[in-house]
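Undergrad: Below is a structure I'd like to ask you about.
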Amino acid sequence: MLEIKPVESLEEISHLKQEYFAQSTSPLDGMWHFGFVPMSAHFGFYEQETLVGYCCVNCEGYILQFYLTTDVKTDAKELFTLITEQNSAVIGNVTGAFVSTAEPQYLSLCLDNSSAYKVNALMYKQEKLTTKSGAPELELQLAGLEQLNAFVEFAVTNIGAPKQWLLSYFGNLINRKELFGYWKEGKLLASGECRLFDEYQTDFADLGMIVAESERGQGIATQVLHRLVSLANQRGLTPICSTESGNVGAQKAIKRAGLEPLNRIIQIEFDRK
């Protein structure tokens, strides 16, 4: 008989996470899986006290990861349906899921139970090294802790992200030497991120970028991304990134920087019974 229990520490399921990432067909989005997932509630699946799988659900009731090992008695489809129909008193309210097309097993289970779905974001990956255009590369400066507030205010102004979260997020990037800025006449016009993975996807670098609203449409985004791609390649890493499905400007810039939109992140809604 299967038992579902809250996971007290993510270390308990680290080996299952390793298996989860190994079965994906392409690198998974860094912000989703290393930013949002750790903040979500995790639940372990146990057969006769043996941990055989897990899932995680965010505060809005969306499943972000689901995994069950193959050598188990429990049927994955039946378990997933039980959870989506809110028949687990331990997990509680579940309204939908976020899943990428690079997670075929999890995606199939989501589609089996979906009442509606839409593309949330496009996932990009560098498929081949880009050739030098001959144009000078944009100069990006590595961010220092003394610039933390400037980066936070820049992001608050230009994308509306919450300040408290940005203080922690950008502070961590600065400590890891993964945050860069494009400055002109003492003004921050663009920020760039080249995030490295500590585990699971260590052959990849996850790129991120923000351009000031006043500077958009001038090619700065493409130049920033070209520089970030170069930084990743210099370390022997393959760049990946993602952007919202409606952000056409960012999609064009990413394509010009040599990355291809190979996968999608899908938002799934479940029937409430």
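The values are calculated or read from the model by the stated rules, or taken from the named source; none is laboratory data. Because the structure is predicted, anything quoted here is derived from the model rather than measured. A quick note on method: Cβ atoms are made from the backbone with ideal geometry, for glycine too, and the neighbour counts reach across all protein chains shown.
Undergrad: When the residues of segment 1-18 are narrowed to those that are over 14 Å from I83 (Cα atoms) and among the aliphatic types (A, V, I, L, M), which ends up modelled with the lowest pLDDT?
TA: My answer is M1.
Undergrad: Now, a different point. How many of the residues in segment 259-273 are surrounded by fewer than 18 Cβ atoms within 10 Å (Cβ to Cβ) and either of a type in the set (V, I, T) or more than 17 Å from the chain's Cα centre (by Cα) (or both)?
TA: Adding up the residues that qualify gives 4.
Undergrad: Within the bounds of segment 177-192, is there any residue that is crowded, with 17+ Cβ neighbours inside 10 Å, within 20 Å of the chain's Cα centre (by Cα) and of a type in the set (K, R)? Talk me through it step by step, then tell me what you get.
TA: Let us first name the residues in segment 177-192 that are crowded, with 17+ Cβ neighbours inside 10 Å, namely 178-182, 188-192.
With within 20 Å of the chain's Cα centre (by Cα) added as a condition, the list becomes 178-180, 191-192.
After this cut, where a residue has to be of a type in the set (K, R) as well, the list is none.
No, segment 177-192 contains no residue that is crowded, with 17+ Cβ neighbours inside 10 Å, within 20 Å of the chain's Cα centre (by Cα) and of a type in the set (K, R).
Undergrad: Kindly indicate which of L79, L28, L64 is at pLDDT 95 or above, surrounded by 14 or more Cβ atoms within 10 Å (Cβ to Cβ) and over 25 Å from the mean Cα position of the chain (by Cα).
TA: Testing whether each residue is at pLDDT 95 or above, surrounded by 14 or more Cβ atoms within 10 Å (Cβ to Cβ) and over 25 Å from the mean Cα position of the chain (by Cα) leaves just L79.
Undergrad: Is one or more of the residues making up segment 111-126 free of Cβ contacts under 8 Å to residues at least 12 places away in the same chain and not β-branched (V, I, T)?
TA: no
Undergrad: All but one of (1) without any contact (Cβ under 8 Å) to a residue 24 or more places away in the chain; (2) more than 20 Å from the chain's Cα centre (by Cα) hold for V248; which doesn't?
TA: Answer for V248: the failing condition is (2).
Every residue, every condition in (1) touching a His at 6+ places or on another chain (Cβ under 7 Å); (2) closer than 24 Å to E215 by Cα; (3) small (G, A, S); (4) outside the structural domain of Q201 (by TED's automatic domain parsing), yes or no:
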| residue | (1), (2), (3), (4) |
| --- | --- |
| S88 | no, no, yes, yes |
| S100 | no, no, yes, yes |
| P104 | no, no, no, yes |
| L111 | no, no, no, yes |
| E139 | no, yes, no, no |
| L142 | no, yes, no, no |
| L166 | no, yes, no, no |
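Undergrad: Might you let me know whether segment 219-227 holds any residue that is touching an Asp or Glu at 6+ places or on another chain (Cβ under 8 Å) and either acidic (D, E) or within 30 Å of L16 (Cβ to Cβ) (or both)? Break it down into steps so the answer makes sense when it comes.
TA: First, the residues of segment 219-227 that are touching an Asp or Glu at 6+ places or on another chain (Cβ under 8 Å): 223, 226-227.
Checking the rest, the ones that are also either acidic (D, E) or within 30 Å of L16 (Cβ to Cβ) (or both) come to none.
No, every residue in segment 219-227 fails to be touching an Asp or Glu at 6+ places or on another chain (Cβ under 8 Å) and either acidic (D, E) or within 30 Å of L16 (Cβ to Cβ) (or both).
Undergrad: Name the residue, out of V99, V90, V37, that is in a helix (DSSP H, G or I) and out of contact with any Ser or Thr (no Cβ under 6 Å at 6 or more places or on another chain). First the steps, then the outcome.
TA: Numbers: V99 fails: in a helix (DSSP H, G or I); V90 fails: in a helix (DSSP H, G or I).
None of the others qualify; the one that does is V37.
Undergrad: Name the residue that is surrounded by the fewest Cβ atoms within 10 Å (Cβ to Cβ), counting only residues in segment 118-139 that are at pLDDT 95 or above and not β-branched (V, I, T).
TA: Looking at the filtered set, the residue picked out is K118.
Undergrad: Pick from segment 167-184 the residues that are part of a helix (DSSP H, G or I) and over 18 Å from L207 (Cβ atoms): which of them is modelled with the lowest pLDDT?
TA: The selected residue is S168.
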